[in-house]
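Structure first, commentary second.
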Amino acid sequence: PPENPPPAQSDTSAKLVDDADHPWQAPGPDDMRGPCPGLNTLASHGYLPRSGIATPAQIINATMLGFNMDEQTAKFVTYAAFLVDGNPITNLMSIGGKSGLTGEDPPQPAIVGGLNTHSVFEGDASMTRADAFFGDNHNFNQTLWEEFVDFSNRYGAGKYNMTVAAELRFQRIQDSIATNPEFSFVSPRFITAYAESTFPVNFFIDGRQTDGQLDLDDALSFFRDMRFPSGFFRGPKPIGAEGSDELAAAHPVAPGANNGTVNSYTPDPTSADFSKFCLLYVNFVNQTVKGLYPNPTGILREALDRNLNFFHEFLNAPDCPQVFPWGQ
Ligand code: HEM
Ligand code: MG
C-alpha cells in the first residue's frame, strides 16, 4: 500500500537506545538477517520487526531513532535499496535473503531478493562479509574480522578509527583484486563501500564518547552479534557518511572490475565516482532499476514511480534533474 516517508525526528540528542522497550533477542530460525550490521542490530532489538521484513518507513524511522542517522541519508539509502531489493506492491523488503513474507513477486526479471541480492546494492570488498563469488556475501566472516582487528591494531592502536577505515578499505579492494576473478567495484558499490567504511565510526561509537575511536569488543557486538553494547547511547547528532571523501582520497582507486581473472582490474569510465554523483543516480535508475523492471504497468508502475520520486527527492542534488526510465 502507498506510504509516504516519515518526518525527521524532533529529538536528535544522544540517548540510551539499548533500553527496556528494545531488549535484544536472538533471531529465530525464520527471522531474516543479512549483510548490514546496522539493520541486523535494529531488528534484533525490535526497532525493526524482528522478522527482518520491513517497510521503507520502518527502516527510515529505525535508523533515525536507533542510530541517529540523518534524515536525508536514511531516506536516500532506504529508497535505493528498496527499489532493487524490495516488493513495490506490498511495500515490504527483507533485510536478508529472499522471503515469502514480502508477498507475491512482480514479473521477472525483477528479483525482490532482499538485501542479500548481489550486485544491485550489496557488493564486493565488504569489511566483514566475503565477496559473493566465494559463496556467502551476508554472514559474518571470522577471517575477515581478524583482518579488521589486525588493521585496527596496526593503524589504530587497537581501535577502529578513520585512519584504520582508510587503510582497511584499500586493503579489502586489493584482497578482491588478487583473489576474486569476478570482482566488481563500480557504482553504486564504488560509493557505498567508502560510505560503509565510515559507518562504524559514525554510528557504532557510544554517543557519550567524543574521540572517534571504536572499541573492538563494541564493533564485534554489532558486526557479529547484531547487538548494541550493553547500555549503548546513539550518537549526539544526526550523521550519515561523513568522512567518505577522505577515505577515498587517502588511497585513490578508479571504479572498475576484474575481467574474469584475478589481478586484471580495469577502470570503467562509464561508472560514477565521487566527482560524478549525479551519474550514480542516473545509472542506478536507468540501468539497475530499469533492468529489473523493463516495462512495468498498472499498480506496479505507480508504486515504482512513487519510490523513484522519493529516491530523487532525497538525492538532494538540485543540479541533478530527475530521470524517468519509462517516460513521464
Ligand atoms: C552494509 C543496507 C543503514 C551499517 C550494508 C549492506 C547493505 C546495507 C545492503 C551490504 C553492502 C555490502 O557490504 O556489500 C542498508 C540500508 C540502510 C542501512 C538499506 C538503511 C538506511 C545502516 C546503518 C548502519 C549501517 C544505520 C550503521 C548503524 C553498515 C555497515 C556495513 C553495511 C557498517 C558494512 C558491512 C561490512 O562491510 O562488513 N548496509 N544499511 N547501515 N551497513 Fe547498512
Ligand atoms: Mg558485500
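The values are calculated or read from the model by the stated rules, or taken from the named source; none is laboratory data. Just so we're clear, the structure is a prediction, and the values are computed from it rather than from any experiment. Reconstructed Cβ throughout: ideal geometry from the backbone, glycine too, with neighbour counts over all protein chains shown.
Here is how the numbers come out for the structure above:
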read-out: Residues (part of a loop (DSSP other than H, G, I, E, B) and surrounded by 23 or more Cβ atoms within 10 Å (Cβ to Cβ)) located in the stretch 78-112; value: 86, 88, 95, 96, 112
read-out: Pairs where the first residue, in the stretch 87-99, is farther than 16 Å from residue 27 by Cβ and within 14 Å of ligand 1 (Cβ to nearest atom) and the second is modelled with pLDDT of 95 or more and part of a strand (DSSP E or B), C-beta under 9 Å, 6+ apart; value: 92/53; 92/54; 93/53; 93/54; 93/87
read-out: Total residues in the stretch 53-67, condition without any contact (Cβ under 8 Å) to a residue 60 or more places away in the chain and not hydrophobic (A, V, I, L, M, F, W, C); value: 4
read-out: Residue check for residue 146: near ligand 2 (Cβ under 10 Å from one of its atoms), at pLDDT 95 or above and among the acidic types (Asp, Glu); value: no
read-out: The listed residue being in a helix (DSSP H, G or I), surrounded by fewer than 20 Cβ atoms within 10 Å (Cβ to Cβ) and either charged (D, E, K, R) or modelled with pLDDT of 95 or more (or both), out of 169, 154; value: 154
read-out: All positions within the stretch 286-296 that are in contact (Cβ under 8 Å) with a residue 60 or more places away in the chain and within 18 Å of residue 321 (Cβ to Cβ); value: 289
read-out: Sole exception among (1) more than 23 Å from residue 237 (Cβ to Cβ); (2) without any contact (Cβ under 8 Å) to a residue 24 or more places away in the chain for residue 11, by number; value: (1)
read-out: Count of residues meeting criterion [crowded, with 18+ Cβ neighbours inside 10 Å and either out of contact with any helix residue (DSSP H, G or I) (no Cβ under 7 Å at 6 or more places or on another chain) or not hydrophobic (A, V, I, L, M, F, W, C) (or both)] in the stretch 129-143; value: 6
read-out: Odd one out for residue 174 among (1) under 22 Å from residue 213 (Cα atoms); (2) away from ligand 2 (no atom under 12 Å from the Cβ); (3) surrounded by fewer than 21 Cβ atoms within 10 Å (Cβ to Cβ); value: (1)
read-out: Subset tally (residues that are part of a loop (DSSP other than H, G, I, E, B), over 16 Å from residue 93 (Cβ atoms) and within 13 Å of ligand 1 (Cβ to nearest atom)) for the stretch 28-49; value: 1
read-out: Count of the stretch 231-254 residues which are of a type in the set (A, V, I, L, M), free of Cβ contacts under 8 Å to residues at least 60 places away in the same chain and assigned to a loop (DSSP other than H, G, I, E, B); value: 1
read-out: Pairs where the first residue, in the stretch 255-273, is in a loop (DSSP other than H, G, I, E, B) and the second is among the basic types (Lys, Arg), C-beta under 9 Å, 6+ apart; value: 255/189
read-out: Boolean, residue 196 is more than 9 Å from ligand 1 (Cβ to nearest atom) and surrounded by 17 or more Cβ atoms within 10 Å (Cβ to Cβ); value: no
read-out: Any hit, the stretch 301-318, residues being part of a loop (DSSP other than H, G, I, E, B) and touching a residue at least 24 places away in the same chain (Cβ under 8 Å); value: yes
read-out: Residue match in the stretch 197-207 (condition: more than 16 Å from ligand 2 (Cβ to nearest atom), within 17 Å of the chain's Cα centre (by Cα), over 22 Å from residue 265 (Cα atoms) and in a loop (DSSP other than H, G, I, E, B)); value: yes
